[in-house]
1. Kindly put Phe49, Phe113 in sequence by how many other C-beta atoms sit within 10 Å of each C-beta, fewest to most.
2. Please work out the FRET efficiency for the pair Arg64 and Tyr10, using the Cβ-Cβ distance as r and a Förster radius of 45 Å; give the result to the nearest 0.05.
3. Can you put Thr127, Thr18 in order, fewest other beta carbons within 10 Å first?
4. Using alpha carbon coordinates only, what is the Rg to Rh ratio of the chain, with Rh defined as the Kirkwood radius?
5. Counting only GluC sites (Glu not before Pro) that sit in a DSSP loop (anything but H, G, I, E, B) with at most 15 other Cβ atoms within 10 Å, what is the longest stretch of the chain containing none of them?
6. Top mean-square fluctuation among Val53, Val93, Val41, Gaussian network model of the chain, C-alpha springs under 10 Å?
7. Which pairs in the list Lys20/Lys100; Lys75/Lys103; Lys51/Lys100; Lys67/Lys161 are over 24 Å apart, alpha-carbon to alpha-carbon?
8. With an 8 Å cut-off on Cα pairs and a minimum separation of 6 or more residues, tell me the relative contact order of the chain in percent.
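Bear in mind that the values in this text are calculations on the coordinates, not laboratory data. Note that the coordinates shown come from a computational prediction; the quantities given were computed from them, not determined experimentally. For neighbour counting, all protein chains shown are included, and Cβ atoms are generated from backbone atoms with ideal geometry for every residue, glycine included.
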Amino acid sequence: MTRNLQYVPYGYEPPTATHKGTIVYYDTFEQITVRALELFVETGTALSFTKLVLYPLHEETARRMWKQPVRSYYKRVNELGEWQREQAFIAVVIESWEGKRKKYTPIEAAIRFLMEKYATPLFLYMTPETANLCASYASFEEWIRDVRLVISSEPPELHPKLAQYRNRWNTIEEATSRHGKVDKEQAEL
């Protein structure tokens, strides 16, 4: 067994980590705009996240969640890939795990996978509609304890469970105003 010894000078203190955690944009990306993607990146960099992840949902998952058809998975991922290539300086990862599974993936399974793969704490970035929909699932109370939500805008109507767990989520305005790095006008879509 080899040992990895590291020698440091006397009195050395390791630098404090300025970046922490992962923020995941959990969406179908069916009707996504470039401005919404830019807002996600601005929010992630303002809040000093280590990783910014785009998590496009497979069409089977989207069909079960919203009961309406969406474009095929590879078309949506290709659009995200084109946007990512245009923004070469931004370190955004497109997670393709659902594309490999090629079937319905419950949100709790997706969160387990994301927590194993990426640095914690894990934040899920969602639209108000997606947040309300996810709050209606029976498993919501289990996984909301492990992650925090960042919602793109204040939901017009709150699901009762989302209101109950108000301490586990913030809107963009609330999250970034604490850090003061993103203007309020930038946070509006």
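1. Values: Phe49 21, Phe113 16.
Neighbour counts put them in this order, fewest first: Phe113, Phe49.
2. Values: r = 60 Å, r/R0 = 1.33.
E between Arg64 and Tyr10, to the nearest 0.05, is 0.15.
3. Details: Thr127 20, Thr18 7.
The order, fewest Cβ neighbours first, is Thr18, Thr127.
4. Details: Rg = 18.1 Å, Rh = 17.9 Å.
Computed over Cα atoms, the ratio is 1.01.
5. Values: sites that count: Glu157, Glu185, Glu188.
Longest stretch, sites excluded: 1-156.
6. Top of the fluctuation ranking is Val93.
7. Values: Lys20/Lys100 28 Å; Lys75/Lys103 16 Å; Lys51/Lys100 21 Å; Lys67/Lys161 22 Å.
Over 24 Å Cα-Cα: Lys20/Lys100.
8. On the way: 245 pairs, mean separation 44.3, N = 189.
The normalised contact order for the chain reaches 23 percent.
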